[in-house]
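Notes for the one structure printed next.
The values are calculated or read from the model by the stated rules, or taken from the named source; none is laboratory data. None of the values given here were measured: they were computed from a predicted structure. A quick note on method: Cβ atoms are made from the backbone with ideal geometry, for glycine too, and the neighbour counts reach across all protein chains shown.
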Amino acid sequence: MSGAEGFEAHDEHSAHGEHGGPGDEERREGRPYEGDGGRGDNGHTGEGAGGGSGQDPRDTGGPDPDRPARIPTPRASVEDSGRPLPGLADLGDLTPVPLDLPHDVLKSLLGAWALAACSAAETATVEDHLGSCGSCADEARRLREAVGLLHQPESLDLDPALRARVLASCLERRPPRIPVPEWAAPYDAETARLDALLQDFGDAEWHAPVRLRWFEADTARSRRTTVAGVIAHLLSVDGLIALGLGLEDPLTEILGAAAQHAVGPAERTEAFWQTTHFPPTRSVRGPWREQSHGLVRTVSFTGGHAGGLAVSYGDFELPLHDAMLDRAFECWVHAEDIADAVDYPYQPPPPRHLNRMIDLAARMLPAALAERRQAGLASPSRGRHLGLAGEPGRSLRLEIEGAAGGEWLIPLDSPAAVGSADLEVAHVALDGVEFCRLAAGRIPPEDAAVGQVGDREAIRDVLFATAGLSRL
C-alpha cells in the first residue's frame, strides 16, 4: 500500500471509530480485531493492513499493561500526591543524647570543647555538666578566653618600629665604631623604609601615576608624575646635600653642564624630568640608594661635627642637621604618596623622629610668616621691639598632640623675636601627623582639624604659613 492509500485508510478507520464503527466492540471485549493487524489468539502478530510491526498505527493509547515498560515512569512528588508531609516526629529525635561519662573524663574534654573539637554528643555532655559543676565552668571560661587570644586578627605587615628595636638591641650588644649622628638617624630610617617598599616593585608599580601636591601663594599646586619620577625627585634634591658635603652629584653626571643652572629643588627636579618622558624605572633606584648611603656614611665619619655646615637650597640655606631632617621629612611624605599610588599601607615615622620633624617646621614658621607679610598675604606686625633680636613679642602657642607632641611658642611679628607666654594671643592644637601633612601641603589649611582659641587672624596666618612650608 502506498503512503497516500495508507493515510486514506487511516482516515476512514478514524471516521468509523468516531461513530462506533466495526472493531470497537471487539476491542472492548478484549478480542482481536482482524482488520487492525493486532495479535491473534495464539499471541503472534498478525499481518493486517498495519504492516508487520505488531502495533496498530491507529492505536494512540498507552503501552500494553501486560508488558513491562522499557523506561520507568516518573515518580510522583509527595507535594503532588495530596498526602501530608512528614513531621519531625516521623524523622525521629535528632537531638544528641548526652553520654554517661565520669568527672575526670569530662574535665579532660574541656580543652577540646573550648576549641570546638568535640562531637555533638560530647559537646552536649560537657555543656550539661558545666551547668552543675562550678570548677569545670570556671576552667571552661578560662580556656575559651585563651582560645580567643589565639585567634586575634594580625596584620601581615611588619611593625614599623621592628627595625629600630632590632638595631637598638644589636647596638647594645656591640656599639658601632662609627655611630650615625642623632640628627641623621631620621634620614637613615626613612630612606631604609622607602627602599624596602620599592624592593618588590615591578614595571607596573614603577609606572603607577603619582600626583605631588604643595601650596604656593595660598594656592594649591600639583604635578603629575610616576613612582619613578618621585624617586628621581628625591635623588635630585638630596644632591643638594651631596654638593654641600663635597660629594659627587648624580644629577651632574646625568645633565652635564645644564645641572649648574639648576640650583633649587624645583629647578633640579624639572631638569631631571625633562631628560625623558618617563624616568628610568629600576635603574633610578640604584643611584638614589647609593647616594643616601653615601650621605649617611659621610656625616657619620665626620663624627657629627659637620652639623652646622650650610646647605644651599637656592633662595635659602639650612644647617646640615636641619637639611637632613628636611630630607627625612620629604622622604616620608613622598613614600606615603607612592604607597597610596600602589594601594599599600604605610606608617608614620616613630615618635622620636616625628618630634624632630615637627620641631624643624615650628622653628621655620617665624621666617615663613615674615615672608608672607612682605608679600601682603599676612596681617601686619603689631608687636614691640621688632628690630631687636631676643626680645619677646606676640606669640601663638602651638600644641601638638600624640606621642610625638609638645608645645612651641611661635613669635608672630618678627623672626628675631622670641616666643613669650606672657604675650600669648592664640592657642592652636593639632595632631602630630595632621600638622606634618599640613606642612607637606597634603591638607588645605581650611580643612585642618584644629582646636583654636584666641586671635583668629593670628591663627589663620600660622596655618597658612605652615602650608606654605611645602614645596615641590
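Considering (1) touching a residue at least 12 places away in the same chain (Cβ under 8 Å); (2) closer than 20 Å to R163 by Cα, the lone condition that G314 does not fulfil carries the number (2). Figure legend. Inter-residue proximity from segment 200-218: first residues surrounded by fewer than 17 Cβ atoms within 10 Å (Cβ to Cβ), second residues among the basic types (K, R) and outside any helix (DSSP H, G or I), beta-carbon distance below 6 Å, spacing 6+ or different chains. Indicated pairs: R211/R224.
When we screen D326, D337 for residues that are among the acidic types (D, E) and under 29 Å from D413 (Cβ atoms), the only hit is D326. Residues in segment 346-375 that are outside any helix (DSSP H, G or I) and under 18 Å from E434 (Cβ atoms): Y346, Q347, P348, P349, P350. Of everything listed in (1) crowded, with 16+ Cβ neighbours inside 10 Å; (2) under 41 Å from the mean Cα position of the chain (by Cα); (3) among the acidic types (D, E), the single unmet condition for E457 is (1). None of A417, A449 is buried (at least 16 other Cβ atoms within 10 Å of the Cβ) and touching a helix residue (DSSP H, G or I) at 6+ places or on another chain (Cβ under 8 Å) except A417. The set of residues in segment 174-199 being over 16 Å from S283 (Cα atoms), surrounded by 19 or more Cβ atoms within 10 Å (Cβ to Cβ) and not small (G, A, S) consists of P181, W183, P186, Y187, D188, E190, T191. Residue under question is A429, and the condition is that it be within 20 Å of A403 (Cβ to Cβ) and crowded, with 17+ Cβ neighbours inside 10 Å; does it hold? Yes, satisfied.
Being closer than 23 Å to G294 by Cβ and in contact with a Gly (Cβ under 9 Å, 6 or more places away or on another chain): is that true of I231 here? In short, no. Taking segment 245-280 as the range and being among the polar types (S, T, N, Q), assigned to a loop (DSSP other than H, G, I, E, B) and at pLDDT 80 or above as the test, only Q274 passes. For segment 342-358, indicate whether the set of residues that are modelled with pLDDT of 95 or more and among the acidic types (D, E) is non-empty. The answer is no; no qualifying residue exists.
When S283, S292 are checked against the criterion of being part of a helix (DSSP H, G or I), under 30 Å from the mean Cα position of the chain (by Cα) and surrounded by fewer than 16 Cβ atoms within 10 Å (Cβ to Cβ), a single residue qualifies: S283.
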